[in-house]
Amino acid sequence: MISLHAESVTLAGCGENCAPQPLSGSLPGVGTMTYSILDAHNVAATPKGAYRLRFDSLISHDITYVGIIQTARASGLKQFPVPYALTNCHNSLCAVGGTINEDDHVFGLSAAKRYGGIYVPANQAVLHQYAREMMSGVGQMILGSDSHTRYGALGAIGIGEGGPEVVKQLLSNTYDIAVPEVVLVYLTGAPKQGVGPHDVAIALCGAVYDNGFAKNKVLEFVGPGIKTLPMDFRIGIDVMTTETACLSSIWETDEQVRAYYAAHGREDQYRELHPAMDASYHSMISIDLSKIEPMIAMPFHPSKAYTIRQANANAADILAAVEKDAAQQFAGTKAKAALHLVDKIDRASGRIRVDQGIIAGCAGGMYDNIREAAAILNDASIGADYFSLSIYPPSAPVNLQLIEAGIEQRLMEAGALFKPCFCGPCFGAGDVPANNGFSIRHTTRNFPNREGSRPSDGQLATVALMDARSIAATARAGGLLTAATEIDYAQDNAPVPPFNANIYEKRVYNGFGKPSDVALRFGPNIADWPKIDPLGDRLLLRLVSVIRDPVTTTDELIPSGETSSYRSNPLKLAEFTLSRRDPAYVGRAKAVQALNAAQKAGNCPAEARDALARVFLTDNEAVATQIASAVFAMKPGDGSAREQAASCQRVLGGGANISYEYATKRYRSNLINWGILPFTLDVGTLFDAEPNDWVYVPDVRAGIEQGKTAFSAKLIRANGQVAELTLHIAALTPDERDIILSGCLMNYYAKALKQ
């Protein structure tokens, strides 16, 4: 089905006739589509191991764009230098906080008018669908403040990063990365009827996530199997490459891609894109599409991949394992609820009984997926029991196509509900299941609490990821888990109604290149960032959270769902930091912040003075030592690009993360851009510290200035013991060093404005 090849390979031929062979002679990466696009966007003379990139366009949604514009405004923003779309697909339904969601939208429109941007009103489109329909172009690069920024199936490299990287582009600076490795993803065969893009994507995540095979690399899709896949199928696989932890993805183009651009009135954005005849790759993933089965990704990650056949055959063992994972996941969070999934097994059939189905957003809500679901549910019923089915199309034009084709009517007649273009079901702000509910979703993620439950309040539910086809088959079976390949159904081959951009033409504000003197409109929840200090000469860190889970997601660092309404208010949002993983964090962090405030006032707190006395600092040295909080986690930062996972720590006085590795480049970049030191430990180093222990890092500022990558430190335990410690920071670019020294990206730009 999927096989991995760690050795370097080269291609013989190109297009449908290409075939991988062992590499000999040339350097990996030469001749790839990836390097050709990166080279074209590189503003440095030559890569020399790194790229300095400028993007063709930018895109954000309504839980990120306010903070981005506020940061850029404080840094001297005059106008948007490239097309920048502000979409409203995350905070458009969540009603927490009174008027503040719509206040953010009004701010966004005023910013588009003032700085020359594109404003997509609420429920018109999810951001990635708008980018596909109206912004992508073959050979282009798009940067988004959302981790699922992927447009590779359309021949464009999309990268999802935290807001500060978008700020850099708004200020005409660069996105700096080491030259990435390129992985050939070689597709052969054709998928069986009933197999969809999520089945391929889940199988891919299962094959490469845990072993890090794709981490921070670019996946390049090539091979004869591509021609068997419709565009929505390709797009559905592509958007899920984020869950492999890769940097980005790119696909070769063909006449189907040309037809896609033509259908959207943008054929001028098409060109042929293929790797060179002798392109070489660092490694390879082979996927035989004909062998892919309907898949399910069990809680709590898209990589927890099983075939649906396996899940039903081994339901008791698999569900018991999920219950065990949940117990471990929520241990120490004072959870008042426990999962009981084994009782979901239907006694008569032995199958898993599901409570809810969702087909939504940038991955699931595609026309082809919904059309297939309608074909499976044609003249059927989802039943009048506990099971429910909701469908969220990805854009208003796609919704119009579904209506014109009669697809929406057929699904509604089967009992499904259609809802607005909205990303909420993917992050816990729409269709939250009942307590102990088991939801199957064609969305992008199923991390803990991404469905909106609150374990500390006695609420706990779970999400498994599946393709829309098998969700429809399960709905047809009244909620009994069923693979679409088990259903005999006639595919709908009627022509797709024409794409109608009238809604966009009438409702989307497109002011690129036309800045004005319109005043920004501020709601009462839109707040400026608090003052952040530069890095001190010496640093005394108090550990305020110690997390020993194998991976810590950004959803645990700052929850999604109801917190989204407060993303424009740094201080209010910070109150939710680690609330679902370590509820004691905020109180501990604020206590350390108070210690630092006393220190800055010239009154070194006794407990800090006592800790520093153990490493023989004089009173004068102790007073001149900066105090900050720190988080230890084994591997933090998997998941969303949201910068708030880092900024909330910084707002509460955070100065460092300590880990063995960072799950994604984007989380590490967020830490750096917020002035948080991204320390790592050597793998195998015992770090048995506890909350309220101290870590002292002498001469840290000088070390950063000098480009050091290893820092001698001391662990000062609460019991009085002191242990030597070596902390590492992987090589920083000159700009990254200056950002950390300045205290954060805003300070870095403010300093430049004064010079």
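Here Met366 passes the criteria (1) within 29 Å of the chain's Cα centre (by Cα); (2) buried (at least 24 other Cβ atoms within 10 Å of the Cβ); (3) without any contact (Cβ under 8 Å) to a residue 60 or more places away in the chain except the one numbered (3). For the range 468-490, does any single residue satisfy the condition of being of a type in the set (Ser, Thr, Tyr) and within 22 Å of the chain's Cα centre (by Cα)? No, that holds for no residue. Per this entry, Ala396 is not counted among residues that are in contact (Cβ under 8 Å) with a residue 12 or more places away in the chain, of a type outside the set (Lys, Arg) and either out of contact with any strand residue (DSSP E or B) (no Cβ under 7 Å at 6 or more places or on another chain) or under 19 Å from Ile296 (Cα atoms) (or both). If I go through the range 465-494 residue by residue, how many of them are in a loop (DSSP other than H, G, I, E, B), within 25 Å of Ala125 (Cα to Cα) and at pLDDT 95 or above? Final tally of qualifying residues: 1. Specify the residue that is farthest from Arg580 (Cα to Cα); the eligible residues are those in the range 311-328 that are exposed (fewer than 15 other Cβ atoms within 10 Å of the Cβ) and in contact with a helix residue (DSSP H, G or I) (Cβ under 8 Å, 6 or more places away or on another chain). Among them, the one singled out is Ala316. For Arg614, state whether it is within 22 Å of Val700 (Cα to Cα) and touching a strand residue (DSSP E or B) at 6+ places or on another chain (Cβ under 6 Å). Against the criterion (within 22 Å of Val700 (Cα to Cα) and touching a strand residue (DSSP E or B) at 6+ places or on another chain (Cβ under 6 Å)), Arg614 qualifies.
Of the residues Lys344, Lys304, Lys291, the single one that is at pLDDT below 95 and either of a type in the set (Lys, Arg) or within 30 Å of Gly225 (Cβ to Cβ) (or both) is Lys344.
The criterion of at least 2 residues that are modelled with pLDDT under 95, under 19 Å from Val586 (Cα atoms) and of a type in the set (S, T, N, Q) is met, among helices (runs of 4 or more DSSP H) falling completely within the range 635-712, by 644-651.
Screening Gly743 with (1) more than 28 Å from Ala641 (Cα to Cα); (2) at pLDDT 95 or above; (3) surrounded by fewer than 23 Cβ atoms within 10 Å (Cβ to Cβ) gives one miss only, at (1). The set of residues in the range 49-90 being among the polar types (S, T, N, Q) and either closer than 19 Å to Ala750 by Cα or without any contact (Cβ under 8 Å) to a residue 24 or more places away in the chain (or both) consists of Gln70, Thr71, Ser75, Gln79.
In the set Gln79, Gln21, only one residue is under 30 Å from Val9 (Cβ atoms), over 24 Å from the mean Cα position of the chain (by Cα) and either not in a loop (DSSP other than H, G, I, E, B) or not hydrophobic (A, V, I, L, M, F, W, C) (or both); that residue is Gln21.
Of all the criteria given as (1) within 20 Å of Tyr35 (Cβ to Cβ); (2) modelled with pLDDT of 95 or more; (3) of a type outside the set (Gly, Ala, Ser), the one not satisfied by Pro230 is (1). Does Ala473 satisfy the condition of being surrounded by fewer than 19 Cβ atoms within 10 Å (Cβ to Cβ) and among the small types (Gly, Ala, Ser)? Criteria not met by Ala473.
The values are calculated or read from the model by the stated rules, or taken from the named source; none is laboratory data. Source: prediction; values computed, not measured. Methodologically, a virtual Cβ is constructed for each residue, glycine included, from the backbone with ideal geometry; neighbour enumeration extends over all protein chains shown.
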